[in-house]
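J.: Here it is, the structure in full.
Derivation of every value follows stated rules applied to the coordinates shown; laboratory data play no part. Not measured: the values here are computed from a predicted model. Heads up, the Cβs are rebuilt from the backbone with ideal geometry, glycines too, and the neighbour counts pull from every protein chain shown.
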Amino acid sequence: MSQNRAFESNHLHTSMTALLNEAAGQLAVFLEKILPALYEDWWKQAVVSSLSVQQRRRMEQQKIESLVSLDLAALLRVFDQNWYQISTMLPLPPDARHFVKEMQTTRNRWAHAGTEGCLVEDVCRRGDN
């Protein structure tokens, strides 16, 4: 790999990681505001019950007790699994859930990229598609 290509790859990795971390933080804040109003025991009903077996195991092993401590994959899953309840409370546009699904796909592609990394075009949907 050329030095320029290595620099571009490293810059892409740094930028994408920062964006995904920012998305996780913002999603945690959003869910923290909305979920308690939807359920009596919101942590158990909206969060714990929405997680996959692996996510729940990680949460228990790391003694996670707040949304900000969950990773983006877990937060997106919580949002998706509680979509109906959230969308009945908030005036979300009809295509908003589609964007949640796309974000899950983007996060998964990025998280499971090979050692060569991946191109932005392979990770993100472009507006001209």
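J.: Please give, to one decimal in nm, the separation of the simple spin-label points placed at Val29 and Arg56, each 7 Å out from Cα toward the Cβ.
T.: Going from the Val29 label point to the Arg56 one covers 3.1 nm.
J.: If you don't mind, there's one more thing I want to ask. Calculate log10 I(q)/I(0) of segment 3-112 for q = 0.17 Å⁻¹, where I(q) comes from the Debye formula with a single equal point scatterer on each Cα and nothing for solvent.
T.: Summing over Cα pairs of segment 3-112 leads to -0.84.
J.: Right, here's the next one. What FRET efficiency, computed as 1/(1 + (r/R0)^6) with R0 = 30 Å and r the Cβ-Cβ distance, is obtained for Asn108 and Thr88, rounded to the nearest 0.05?
T.: On the way: r = 27 Å, r/R0 = 0.91.
Calculated transfer efficiency: 0.65.
J.: Just to be sure I understand the model, the point goes 7 Å from the Cα along the line to the Cβ. What's the resulting Trp43 to His13 distance in nm?
T.: Computed distance between label sites Trp43 and His13 equals 3.6 nm.
J.: With θ set to phi - 60° and the Karplus curve 6.51 cos²θ - 1.76 cosθ + 1.60, what are the ³J(HN,Hα) couplings of segment 53-60 in order, to the nearest whole Hz, using x for Gly and Pro?
T.: 4, 5, 5, 5, 4, 4, 4, 5
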